[in-house]
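**Student:** Pasting a structure here, questions to come.
The values are calculated or read from the model by the stated rules, or taken from the named source; none is laboratory data. Keep in mind the model is a prediction, meaning the values are calculated, not measured. Cβ atoms come from the backbone with ideal geometry, glycine included; neighbour counts cover every protein chain shown.
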Amino acid sequence: MVRLETGRNDDSQLLFAMSNLPFRQRETLTLRFYLDLSVEETGRLMRCTQSTVKSQTAKGLENLRALVAENAIPKEERRRE
């Protein structure tokens, strides 16, 4: 299970953030973490190199963290920043 930056497990927040990722990043994260596939297995399914899987995983996690953090802050507080 993924623990969000807010310290709580919130499936709807995670699903919303995942749905806003580019397809390739969403695909990579789903295969790697939801289906628990290795880098090699993911690369075979996606028909790409292992380095592409690693880079898409890193970019996907970075974007996912940003989306979750952005949506974890109440709108009122975002306006003050």
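**Student:** What residue, among those in segment 8-39 that are in contact (Cβ under 8 Å) with a residue 12 or more places away in the chain and either in contact with a Lys or Arg (Cβ under 7 Å, 6 or more places away or on another chain) or of a type in the set (Asp, Glu) (or both), is farthest from Leu67 (Cα to Cα)?
**Tutor:** Val39
**Student:** So, one more: Looking at this structure, is Asp11 among the acidic types (Asp, Glu) and at pLDDT below 95?
**Tutor:** Working: among the acidic types (Asp, Glu): yes; at pLDDT below 95: yes.
Answer is yes for this residue.
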